[in-house]
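Step one of this worksheet: look at the structure below.
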Amino acid sequence: CGGLISNSSGMLQSPYYPGSYPNNADCVWEIQVENNFRVMLTFRDVVLQSSRCQYDYIEIYDGPPYSSPLLGRICAGSFLTYTSSSNLMSVCFHSDSRYTYRGFLAHYSSIPADHNIALMCLPDYMHAVVSRDYLQSQGYSAERVTLNDTRCEPTLTSHEVVFNIPYDGCGTIREESNDTINYSNVIKVISSGYTIKRKKDLHLHISCKMLQNTWMQIMYVAEDIADVNENQFGRYAVNITFYDSSSFLRPVHDFPYYIDLNQNLYLQAYLHSSDPNLMMFVDTCVASPDPHDFNTLSYDIIKNGCVRDSSYATYYSPYSHFARFKFNAFEFINRHTSVYLRCELAVCRLGDYSSRCYQGCLSRSKRDAGSAQEKVDVVAGPLQLREGGVQSRNTG
């Protein structure tokens, strides 16, 4: 029931389809395909409690759930098709406590977007690519493409004009609102003075909008005959490393990491971003013997910011991009060959006391299914129990 889907194509269905779906379901799927592709979703079969879609319904959003434009709200029909304007589409399924029916079956696929202009918001910079053939077809020269800051020059290839634009330089402007951080710049194409037909200068407005941990990438053309809109979504890059002591000086590179029962385990999460005004918060950490299944058999160490294991503790970190914590190896590992960790980390603006990073322990009754857009998932491991004759190389 819900989750992040990153395959290029696949199938989506209500729980137990074609059997009756459960009551009081709230499922949120986020379909994220490759950059510069769009999502095309077709509902092959939809049978829900109708009555104007008030009680049981499916909502399709053009981007992250709830905060993006609503493409449709349905409860019946077949072969209904929706196409996203970006590489991210969300599908929300809701049922009430009364009647239940067959549910829905849908297929999705990724289709190429306009390849004249491409944009990716990477952890440290914006990567913008403009096709030279596109510029030439509009009557512009690749040699006359610049940024606001003309000192940051593009790389010219035989087919493309490529800009790598840092978030904290080259004239990039940072603006904040209640729920987003917006990094913007302008690629300018100056029209040639000697052309017979007088043309306007071409402006490509680029922006990367950060919604918690989701980058919304936008590129559009201003003051030209045709507007070009390019929307892409990405995820933050975060890694988790084990350390051999609470000083966090020596990382553990062993794979797998052999440990003793009840040994202290020290972990550091690191956010890759060139923006210094971001911070991380450890929301949830779950242990499981299966790196692909953290539901069937699992052990909660911390959940929604609430400590579930008495050995869990956090450490001071000198930088906001780091989060440091520890817990003890537990009896769970004595019954399984390997144990993996999956941690969910929230990314917020530093000093934004209304954000998730400053809220601490939360008992979530609402929007739990929609929380995927607000966090980064990282899986670490495996951890294996050291046998009696194996000498320790990493003591804690």
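Over the stretch 1-82, average the accessible area per residue using a 1.4 Å probe and give it in Å², no decimals.
For the stretch 1-82, the per-residue accessible area is 48 Å².
Can you bin the stretch 253-337 into rounded, prolate or oblate? Criterion: square roots of the alpha carbon gyration tensor eigenvalues sorted a ≥ b ≥ c, rounded for a/c under 1.5, prolate for a/b above b/c, oblate for the rest.
Cα axes put the stretch 253-337 in the prolate bin.
Work out the FRET efficiency for residue 9 and residue 188 from their Cβ-Cβ distance, taking R0 = 45 Å, and round it to the nearest 0.05.
Efficiency, from the Cβ-Cβ distance: 0.75.
Determine the relative contact order of the stretch 73-192: mean sequence separation of Cα pairs under 8 Å and six or more apart, normalised by residue count, in whole percent.
Result for the stretch 73-192 is 20 percent.
Please give the net charge around residue 307, taking every other residue with its beta carbon less than 14 angstrom from that of residue 307, where Lys and Arg add +1 and Asp and Glu add -1.
Taking every other residue near residue 307 into account, the sum is 0.
Counting only heavy atoms of the protein chains, get the accessible area per residue of the stretch 292-331 (1.4 Å probe) and round it to a whole Å² value.
56
When ranked by the protection proxy of mean other Cβ atoms within 10 Å per residue, highest first, what sequence do the peptides 140-146, 345-351 form?
Highest-to-lowest ranking by the protection proxy: 345-351, 140-146.
Using +1 at the C-beta of Lys and Arg and -1 at the C-beta of Asp and Glu, which of 39, 21, 83 has the Cα lying farthest in the positive direction of the dipole of the stretch 2-112?
Farthest towards the positive end: 21.
Between residue 162 and residue 313, how high is the FRET efficiency from 1/(1 + (r/R0)^6) when r is the Cβ-Cβ distance and R₀ = 45 Å? Nearest 0.05.
Plugging the Cβ-Cβ distance into 1/(1 + (r/R0)^6) gives 0.45.
The values are calculated or read from the model by the stated rules, or taken from the named source; none is laboratory data. None of these values were measured; they are calculated from a predicted model. Don't worry about glycine lacking a Cβ; one is built from the backbone with ideal geometry, like all the others, and counts go over all protein chains shown. The accessibility values were calculated without ligands, DNA or RNA, using every heavy atom of the protein model including side chains. Shrake-Rupley method; radii C 1.70, N 1.55, O 1.52, S 1.80 Å.
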